[in-house]
Amino acid sequence: MGCREAFLSTIFCFLLLFCLGCKCIASELQATQTAVLKVDASPQLARQIPDTLFGIFFEEINHAGAGGIWAELVSNRGFEAGGPHTPSNIDPWSIIGDDSSIFVATDRTSCFSRNTVALRMEVLCDNCPAGGVGIYNPGFWGMNIEDGKTYNLVMYVKSPETVELTVCLTSSDGLQNLASTTIPVSDASNWTKLEQKLVAKGTNRTSRLQITANKKGVVWFDQVSLMPSDTYKGHGFRTELISMMLDLKPRFLRFPGGCFVEGEWLRNAFRWRESIGPWEERPGHFGDVWHYWTDDGLGYYEFLQLSEDLGAAPIWVFNNGISHNDEVDTAAIAPFVKDVLDSLEFARGSADSTWGSVRAAMGHPEPFPVKYVAIGNEDCGKKFYRGNYLKFYNAIREAYPDIQMISNCDASSRPLDHPADLYDFHVYTDSKTLFSMKNTFDRSSRNGPKAFVSEYAVWRSDAGRGSLLASLAEAAFLTGLEKNSDVVQMASYAPLFVNNNDQTWNPDAIVFNSWQQYGTPSYWMQTLFRESSGAMIHPITITSSYSGSLAASAITWQDSENSYLRVKIINFGSDAVSLTISATGLQARVNAVGSTATVLTSSNVMDENSFSNPNKVVPVKSQLSDAAEQMQVTLAPHSFSSFDLALAQSKLVAEM
């Protein structure tokens, strides 16, 4: 290469590098977008959001109830999970000892007519091994036993001879003894209820309950229960999980499903009647959709009690004679209709009524205020749904004219062909699709039944086990529900809970095991909407070339002391945004003192929380010292920001 060519080559490289550098600088300059968000807070344009807009949906899925919020520590406590035919599988119960020292089998000798299976244990050894022989139960992937806590043991036993039983709480291998008591059973030829309190002298997160004997003899067991003494309000619920539900301030509780209500087959559907009364007498059932046994200690009564404890309106989802695989012809649906009417009398009837007296005997003489029922779950396309629906609708309307009835058929884009007060709308999809659905109800008719978005979530590929990305799309979708709350009455995320040992459905709002729990980003996202129910919604406009990546809403709300203008905005894109917020029409000035900014974001849009790092993606709150009617803020890429602007006392309080 000559000197001239070398010189030209050098110049070319310099120009190329210069151009690339300019491109990089331009790219950097473009990385921060600009936007203007205008809020018109004038009273004449404000509209009140329904008091019921945001609540929660509980389904018995992922061991959310059994081994979850229901604090019973014994799994298969009545030995019924193996079915009615004996001998049967006693899993997860196991035997301590070998064939030469003990023989254990189920038979049908229980004293309870609705759950006839009991366990017969025959001790064969005269000189039994140290510690004795017997049975043990590991609970749901290990029992969480904590030092100093009291556990209430209840079990039914019988024996034709005198037997001394040792009941212990031990580590999973039986080597660490956490609590122990000796119970003599003296010639109990009839079934006897035994009760003991066990106080733990140590902590073990994967403990077991074991019952042993050292002497030859026969003893029968049934309905072996172990409950911590510190359940929520003494109602049987795991306190720390209920606390997370309470933190969402739910306005309603939809229960008990979901597909759990339907069953793969009707014979395995949830039956309210078999889930009430004394817990010992409940037969339990196999939930064939989610593939596990529930003893139904968490039954219809307990769900009603939980609604009351949460201060949430109960929404009873009942089976309308349809499962995933079989249906009851409308001509034969009358017994199912009567069954539902009986369930409503149980909840709402006076203590003197047939079924209200059963509720009163369970400890709740005052009626439960059931004002919403859903007629089935996701059954709209089924052959007999409309015919069955009308039978239920007409019977309930006649008996309880104030009850609001929810159809399974979607009326968001076309009118229903049957009467309803509300209709179900379910959506599980990817994040981009759900983000784009924030305007779904803009086009819905303003007449007719209201929408109940009873199940929504980002699902599958970009959801992980609960990603930041999923929560941002869901937040955007919820701002659309706020905006359209004249036609959307209620909304709830699904599923609410997952036991880390049974991840049948992901993601979920709350993840737990026997002793830990954390919220996914989708859980924390919902905490920023908990003040929306009953608040005033205001019209907004966003002006930006980047507006396709933004979603926002504005409400005024108040706590016990102050009123606030809350502006929520989701930046779904990968660029930061310099945002100007301009609020007009306020009935009080903005007070920087007491104003805050809360931001949900992370360094990676696919970040998740975990037991090892439960607070990786959580809202971070800070003071907003420059809060004003017009102000500048910066939105981080892939973020959900909530700005609470404190308002001076004014007639705004009276408006709300």
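At-a-glance table
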| read-out | value |
| --- | --- |
| VAL567 over 30 Å from the mean Cα position of the chain (by Cα), crowded, with 16+ Cβ neighbours inside 10 Å and over 30 Å from VAL74 (Cβ atoms) | no |
| Per-region count, region 404-426, residues under 24 Å from the mean Cα position of the chain (by Cα), buried (at least 18 other Cβ atoms within 10 Å of the Cβ) and part of a loop (DSSP other than H, G, I, E, B) | 2 |
| Pairs where the first residue, in region 609-637, is free of Cβ contacts under 8 Å to residues at least 24 places away in the same chain and the second is surrounded by 12 or more Cβ atoms within 10 Å (Cβ to Cβ) and of a type in the set (Gly, Ala, Ser), C-beta under 7 Å, 6+ apart | LYS616/SER602 |
| Tally, over region 296-327, of residues that are in contact with a strand residue (DSSP E or B) (Cβ under 7 Å, 6 or more places away or on another chain) and part of a loop (DSSP other than H, G, I, E, B) | 6 |
| Subset of region 326-354 (residues that are of a type in the set (S, T, N, Q) and closer than 15 Å to ARG273 by Cα) | SER343, THR354 |
| Among residues of region 206-225, those that are part of a strand (DSSP E or B), farther than 13 Å from VAL167 by Cα and of a type in the set (D, E, K, R), counted | 1 |
| Every residue from region 362-396 that is free of Cβ contacts under 8 Å to residues at least 12 places away in the same chain and not in a loop (DSSP other than H, G, I, E, B) | ASN394 |
| Residue check, SER595 free of Cβ contacts under 8 Å to residues at least 24 places away in the same chain and either hydroxyl-bearing (Ser, Thr, Tyr) or crowded, with 16+ Cβ neighbours inside 10 Å (or both) | no |
| Residue match in region 104-117 (condition: assigned by TED's automatic domain parsing to the domain that holds LYS193, in contact with a Cys (Cβ under 9 Å, 6 or more places away or on another chain) and modelled with pLDDT of 95 or more) | no |
| Residues that are of a type in the set (Gly, Ala, Ser) and crowded, with 19+ Cβ neighbours inside 10 Å, drawn from region 308-342 | ALA312, ALA313, GLY321, SER323 |
| Residue count for region 437-467, restricted to those that are surrounded by fewer than 18 Cβ atoms within 10 Å (Cβ to Cβ) and either in a strand (DSSP E or B) or of a type in the set (Asp, Glu) (or both) | 2 |
| Selected residue [under 30 Å from ILE145 (Cβ atoms) and over 14 Å from the mean Cα position of the chain (by Cα)] from ARG530, ARG465 | ARG465 |
| Unique match (being of a type in the set (S, T, N, Q), surrounded by fewer than 15 Cβ atoms within 10 Å (Cβ to Cβ) and either under 36 Å from the mean Cα position of the chain (by Cα) or within 22 Å of PRO507 (Cβ to Cβ) (or both)) among ASN615, ASN609 | ASN615 |
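The values are calculated or read from the model by the stated rules, or taken from the named source; none is laboratory data. Keep in mind it's a predicted model, so treat the numbers as computed, not measured. With ideal geometry, Cβ positions are generated from the backbone for all residues, glycine too; neighbour counts draw on all protein chains shown.
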